[in-house]
Amino acid sequence: MKKTFSFMLVCVMILGVVLSSCSSNDTPKESGSQSETKEPTTTTYGYVLIENGTTNFQLVRSDASEHHNPEIASVREFYSQIKEKTGVDLSIKTDWDPEDVAEYEIIVGKTTRETDVPGIDRSQLKERDFLITLQDNRLFLIGGSAEGTVYAVKYFIENYVNADGCVSVPKDIHLLVEYEYPVNRHHTDEILVFH
């Protein structure tokens, strides 16, 4: 009887894990909670990038051609959203010349700018994950893939551009947003280990 009860308990636990892992919960998680799409607020954070229609920042993208770099679409989206919401026409440059680094830059996607930046570790990014981080006067929006960069841009616009057209972030921002990927049912037996 005791073995039968133990077996049934294990079956119920496995069924619970399988059912919960089969959901299509494909949404980003920020610090363990589901992020929400928000309308721009009047919140202003400590580090201001754009205010009163002016900025010192330049937009930086990879020098790779669009054929070889699908993240260019995210750069365009970032540019157009910033222009629409703030009126600022950001200048865009590529990472082609390693000596041509401005003091204030917004870097979107994978570029040579992230090389040797201690706060950036691409190994922690899965396909849909993204990182928004401020390193000195350079703001990075980086995805684990082109899809992750799309999410980074969308999240940034929704959360750091306020209704007054001010773009600001916390001075210590280092936001890693990870997606919860559904567990493949065929590999459930490999994932569950009972001791």
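The table that follows gives values for the structure above.
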item: Residues within the range 53-79 that are out of contact with any strand residue (DSSP E or B) (no Cβ under 8 Å at 6 or more places or on another chain), more than 19 Å from LYS154 (Cβ to Cβ) and either in contact (Cβ under 8 Å) with a residue 24 or more places away in the chain or of a type in the set (D, E, K, R) (or both), tallied; result: 4
item: When residues of the range 140-183 are limited to those that are aromatic (Phe, Trp, Tyr) and more than 22 Å from ILE50 (Cβ to Cβ), the one modelled with the lowest pLDDT; result: TYR181
item: Any hit, the range 67-80, residues being modelled with pLDDT under 95, hydroxyl-bearing (Ser, Thr, Tyr) and under 15 Å from the mean Cα position of the chain (by Cα); result: no
item: First in the range 127-146 and farther than 18 Å from THR115 by Cβ and free of Cβ contacts under 8 Å to residues at least 60 places away in the same chain, second anywhere and open to solvent by less than 10 Å² (accessible area, probe 1.4 Å) and of a type in the set (Asp, Glu), Cβ under 9 Å, 6 or more apart; result: SER145/ASP129
item: Residue in the range 128-149 that is basic (Lys, Arg) and either over 20 Å from ARG61 (Cα atoms) or open to solvent by 70 Å² or more (accessible area, probe 1.4 Å) (or both) present; result: no
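The values are calculated or read from the model by the stated rules, or taken from the named source; none is laboratory data. All of these numbers come straight from a predicted model, not from anything done at the bench. Because the Cβ atoms are built from the backbone with ideal geometry, glycine has one as well, and the counts that use them run over all protein chains shown. When the accessible area is computed, the model is the full protein with side chains, heavy atoms only, and any ligands, DNA or RNA have been set aside. Shrake-Rupley method; radii C 1.70, N 1.55, O 1.52, S 1.80 Å.
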